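The structure appears right after this line, and notes come after that.
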Amino acid sequence: MNNLIAPSILAADFANLQRDIEMVNNSEADWFHIDIMDGVFVPNISFGMPVLKAIAKHAKKTIDVHLMIVNPDQYIETFADLGATILTVHYEACPHLHRTIQAIKAAGMKAGIALNPHTPIAVLEDVITELDLVCIMSVNPGFGGQSFIENTYKKVSQLRHLIDFTKSDCLIEIDGGVTNKNANALIEAGANVLVAGSYVFGAENPTETIADLKNTIA
C-alpha cells in the first residue's frame, strides 16, 4: 500500500482553522489527525466535541481521531456520530482492551491502539490481529513540537515483526517529531502512516512541505 501522511490539526492555526483544513483537503496529505486531550490522561487540553464536529463538516479526507483521555469507552459512540473514520485509544487508558476494540468496530469505525514511549510492543500480542492501526508515540503525549525519541525505530521494527508474524493487516502510525530528516528511516523500519504537526503547519509553505514528505516516503 502507499505510505500515508496525516497532518496533526493540533498544530494548525486555531484562529484560521477552516483555512488550514482546506489546505489539507487540497494537499497531498491522506488523513486528518485530530488529538483529543482531557487534561487528565495527559497534562494538556485540546479539542472538544463541537470543534471536531466543525472540522468533520469541512474535512474531505479520512478523519483519524487520537483519544488521549481517561475512560475512552464512554465516548466511543459519540466520536462515531461526529464522523471519526479511525478511533485510536491508549493502551494505558484501557483496562479491558479487547472489549474497547470490539466496541469501536461495532460503532462502525476502524480501531487503533496508541502506545506511550515507555510501553513495550509485547502488550499487543493478544490483540494485534484485531487492530486496524497501532500508533507508536515518538514523543511523550500531550504537547506538540517535542523532539523525536530515537528508540522509536526499534519499536517500529518490533511491531513490524509482530504484524508480519501474525499476518495482521494492521497499519503502523508514528506520532511526534516527524520531519523529512527521519521520515524515510521510519518507513524503512516498517511504518505506514506518519503524523506531522508543527513541521507542516509551522512551515512557510505547508502544502509544499506535505508534498516533500510524500515524495520522501514514496
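Please order D64, D175, D13, D212 by the number of other Cβ within 10 Å, starting at the fewest.
By the 10 Å Cβ count, ascending, the order reads D13, D212, D175, D64.
Take the Cα coordinates of the chain, assign each an equal point scatterer, and use the Debye formula without solvent to give log10 I(q)/I(0) at q = 0.10, 0.12, 0.14 Å⁻¹.
Taken in order of the listed q values, log10 I(q)/I(0) reads -0.38, -0.56, -0.79.
Please tell me the relative contact order of region 4-217 in percent, rounded to the nearest whole number, where contacts are Cα pairs under 8 Å and at least six residues apart.
Rounded, it is 21 percent for region 4-217.
Please give the charge dipole size of the chain, origin at the Cα centre, charges +1 on K and R Cβ atoms and -1 on D and E Cβ atoms. Round to the nearest 20 debye.
Result for the chain is approximately 120 debye, rounded to the nearest 20.
Computed from the coordinates by the stated procedures, all read-outs in this text should not be read as laboratory data. Note that the coordinates shown come from a computational prediction; the quantities given were computed from them, not determined experimentally. Counting neighbours? That spans all protein chains shown, and the Cβs are built from the backbone with ideal geometry, glycine included.
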